Amino acid sequence: MAGPTAGARVLWAVRALIRDHPDVFSQPPPVDIHIGRADPNPHRLGASFSYGGAELYGTRVMVWIERGALVGPFGLNDAELRSFLGHELLHAYQYRFGPYEPSTPEFFRREIEAYRWELDHMSQAVRPFYRGEAELQLELFESLLETAHEPPPPETGGGY
Ligand SMILES: [Zn+2]
């Protein structure tokens, strides 16, 4: 007997997140969110090493999931998939505050919030490698924020 399809697993995970955390994932969501497979876009270099992401396109947030997150040797189990999608949904909701620039304090703060939430809500069924990676990422973004400088105020002109 075949197991549930990848699409069904994603749907169950998202439904469970919305059901169990209505305070975080309020309905209707504050932004237009679409969830789907990643496009096999050769220009998105580097993304093949991640499970997916959440990006703002105009007024719409696309949460995308890499194929490797769902099937194959690095495929996530249901608990991990749910944890990962919780992280990305949180990013989707963060876009209600607008876009951000990469490698800025705002970017670090959003990652810290997402990883803290993920670690606070991780099920026992999440395997050690997945938890360890989240802990490592949280530490990394916390130290990046500590050493980051806020962007300089707009030019007031007149000086050198
Ligand atoms: Zn993130």
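Structure notes:
- In the set (1) at pLDDT below 95; (2) within 15 Å of the ligand (Cβ to nearest atom); (3) acidic (Asp, Glu), residue 39 fails one condition alone, (2).
- Looking only at residues of the range 47-71 that are at pLDDT 90 or above and either among the basic types (Lys, Arg) or in contact with a His (Cβ under 8 Å, 6 or more places away or on another chain) (or both), we find that the one that is surrounded by the fewest Cβ atoms within 10 Å (Cβ to Cβ) is 60.
- Considering residues of the range 123-139 that are more than 15 Å from the ligand (Cβ to nearest atom) and not β-branched (Val, Ile, Thr) only, the residue surrounded by the fewest Cβ atoms within 10 Å (Cβ to Cβ): 124
- Leading residue by the ranking (farthest from the ligand (Cβ to nearest atom)) among those in the range 72-100 that are surrounded by 14 or more Cβ atoms within 10 Å (Cβ to Cβ) and without any contact (Cβ under 8 Å) to a residue 24 or more places away in the chain: 75
The values are calculated or read from the model by the stated rules, or taken from the named source; none is laboratory data. Keep in mind it's a predicted model, so treat the numbers as computed, not measured. Reconstructed Cβ throughout: ideal geometry from the backbone, glycine too, with neighbour counts over all protein chains shown.
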